[in-house]
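Please read the structure below before turning to the comments.
None of the figures in this text is laboratory data; all of them are computed from the coordinates on show. Just so we're clear, the structure is a prediction, and the values are computed from it rather than from any experiment. Note: ideal-geometry Cβ built from the backbone for every residue, glycine included; neighbour counts use all protein chains shown.
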Amino acid sequence: MIVVMQPDAGDAAIAGVEARIRAEGLGVHVSRGTERTLIGAIGDERKLAPSMFETLPGVERALHIVKPYKLVAREWHKASTVVDVRGIPIGGAAVQMIAGPCSVETAPQMRAAAAAVAAGGARLMRGGAFKPRTSPYAFQGKGIEGLTMLKDAASRFGLPIVTELMDVRMLDTFLENDVDVIQIGTRNMQNFDLLKEVGKVDVPVILKRGMSATISEWLMAAEYVAAGGNHRIMLCERGIRTFETAYRNVLDVTAVAVLKKETHLPVIIDPSHAGGKAWMVPALSCAALAAGADALLIEVHPCPSEAWCDADQALSIEEFGTLMTKLRAIAAAVGRTLPGPAVVNEDLAVAV
Ligand code: PEP
Ligand code: MN
């Protein structure tokens, strides 16, 4: 941190700033120029805030020199992190597809969805058992029963599961049900108590971007998880709110480029919640892959028109298969691979 003094700041004001820095356990370096004095704090300045100094006599302003996040910053960790989810690498040369319905509805729906996403080449399956709905009267998710249905359907095809945790009180239930990836949704990106708790467990986390969060706020949220000891974090851009009303959210593709520079964590794009319409999903997926996303999170439903949640944006099984073929060509063009269908036990596949 650098504290810039006012031109007429006297020795007493300078000593006051020095004392405040030392009180936080940091060292001080004073640089007296011809017009003003600059006071530098030496040590980990992340515990200092500009407001600690800007109210002191003689201070013009105070500025941070280093980024407020450290564990998630590429500055401190040059190599890209690859998060291993039960043997599936996210963040490496292969781009991964995570697909499935918005919400877990019934066992037959989940079996059909699991068969379809596995056949298309998805290596992980998504499905919400606890749904954050705008209306309290809308379907809120199947709860624990939904977790079981998701796990049962996905395990037939060897697909690890991704599902949203909304309430810290459900964390133990998620662990007991062997949830492979905990998703923190856009509405909870700054639920700091929830972030602290998922920071204490050894389960990969997908941290979605808050719909109105800056990249810096998002990385600070990731820092909360990492600070607890859990470094298996993936960031997911899912569209941000702007003045535009022609689509649900604006997919911030620029964020992929910025994140790749700022952080070593894998970047996932969710084109479904960005566009909000199934017909937009292929174009947004292509853009995401070309921009450097490490994985895509896409909503797929065996019968989109009957989906209990987010029906407009779900791809049909056929649309998903067509998209996967198109994405393989884009992956190859940018030097990545998009895995083909996993080899599954035929007996299990037949059972579906
Ligand atoms: C979801 O993925 O099901 C979801 C609710 O997403 P978001 O938190 O991005 O709205
Ligand atoms: Mn959804």
(request) Using a Förster distance of 41 angstrom, determine the FRET efficiency expected from the C-beta separation of D178 and T134, and round it to 0.05. (result) 0.85
(request) Averaging over all projection directions, find the projected area of the Cα convex hull of region 161-221 and quote it in nm² with one decimal place. (result) 3.8
(request) Please work out how much length the chain gains when fully extended from A15 to T322, using 0.36 nm per residue of separation minus the C-alpha to C-alpha distance, in nm with one decimal. (result) 103.7 nm
(request) Would you mind computing, in nm to one decimal, how far apart the modelled labels at A283 and T148 are, each placed 7 Å from Cα along Cα→Cβ? (result) 4.4
(request) Can you give me the P(r) profile for region 71-223? Cα pairs, bins 10 angstrom wide beginning at 0, each as a whole percent. (result) 11, 38, 38, 13, 1
(request) With only Lys, Arg, Asp and Glu charged, each at its Cβ (+1 for the first two, -1 for the last two), find how big the charge dipole of region 238-352 is about the Cα centre; round to the nearest 20 debye. (result) 540
(request) Calculate, in nm to one decimal, what W76 and D202 gain on full extension: separation in residues at 0.36 nm each, minus their alpha carbon distance. (result) 43.2 nm
(request) Could you give the size of the charge dipole of region 1-104 about its Cα centre, using +1 on the Cβ of each K and R and -1 on the Cβ of each D and E, expressed in debye and rounded to the nearest 20? (result) 440
(request) Mind listing the long-range amide H neighbours of T163? Cut-off is under 5 Å, sequence gap 5 or more, other chains count too, H placed in the peptide plane at 1.01 Å from N. (result) V181, Q183
(request) Grab every C-alpha pair in region 199-288, bin the distances at 10 angstrom width from 0 up to the longest one, and report whole percents. (result) 17, 47, 27, 8, 0
(request) Work out from phi, with θ = phi - 60° and the Karplus expression 6.51 cos²θ - 1.76 cosθ + 1.60, the ³J(HN,Hα) of each residue of region 137-146, listed in order in whole Hz, and give x for Gly and Pro. (result) 8, 7, 3, 9, x, 7, x, 4, 4, x
(request) Any lysines with Cα under 28 Å of the K131 Cα? List them, leaving off those in the same chain fewer than 8 positions away. (result) K142, K151, K196, K200, K208, K277
(message) Can you compute the FRET efficiency between S155 and L63 using 1/(1 + (r/R0)^6), with r the Cβ-Cβ distance and R0 = 56 Å? Round to the nearest 0.05.
(response) 0.60
(request) Run down the aspartates and glutamates and flag those whose C-alpha is under 13 Å from the C-alpha of K261, throwing out any fewer than 8 positions away in its chain. (result) E75
(request) Would you kindly state how much longer the chain becomes between T242 and Q190 on full extension, computed as 0.36 nm times their sequence separation minus their alpha carbon distance, in nm to one decimal? (result) 16.8 nm
(request) List the residues whose amide H sits under 5 Å from the amide H of L315, counting only those 5 or more places along or on another chain, with H placed 1.01 Å from N in the peptide plane. (result) E299, V300, H301
(request) Would you kindly work out the equivalent ellipsoid of region 111-199 from its C-alpha gyration tensor and give its semi-axes, the square roots of five times the eigenvalues, largest first in whole Å? (result) 23, 15, 12
(request) Enumerate the residues in region 212-242 having an amide nitrogen under 13 Å from the point lying 7 Å beyond the Cα of D312 toward its Cβ. (result) none
(request) Post the alpha-carbon centroid distance, region 212-290 to region 27-43, in whole angstrom. (result) 39
(request) Would you kindly derive the ³J(HN,Hα) couplings of region 265-277 from the backbone phi angles with the Karplus curve 6.51 cos²θ - 1.76 cosθ + 1.60 (θ = phi - 60°), listing them in order in whole Hz, with x for Gly and Pro? (result) 7, x, 10, 10, 10, 10, x, 5, 6, 6, x, x, 9
(request) Whole number please: convex hull volume per residue, Cα atoms of the chain, in Å³. (result) 158
(request) For region 231-347, count the residues as N, evaluate 2.2 N^0.38 Å, and divide the Cα radius of gyration by that value, please. (result) 1.11
(message) Rounded, prolate or oblate for region 157-308? Axes are the square roots of the Cα gyration tensor eigenvalues, ordered a ≥ b ≥ c, and the cut-off for rounded is a/c under 1.5.
(response) oblate
(message) With no other cysteine's Cβ closer than 4.7 Å, which Cys residues of the chain count as lacking a disulfide-compatible partner?
(response) C236, C286, C303
(message) Please compute the Kirkwood hydrodynamic radius of region 71-151 from all pairs of different C-alpha atoms, in Å with one decimal.
(response) 14.8
(request) Assign unit charges at the C-beta atoms only (+1 for Lys and Arg, -1 for Asp and Glu), then state the dipole size of the chain relative to its Cα centre in Debye, rounded to the nearest 20. (result) 480
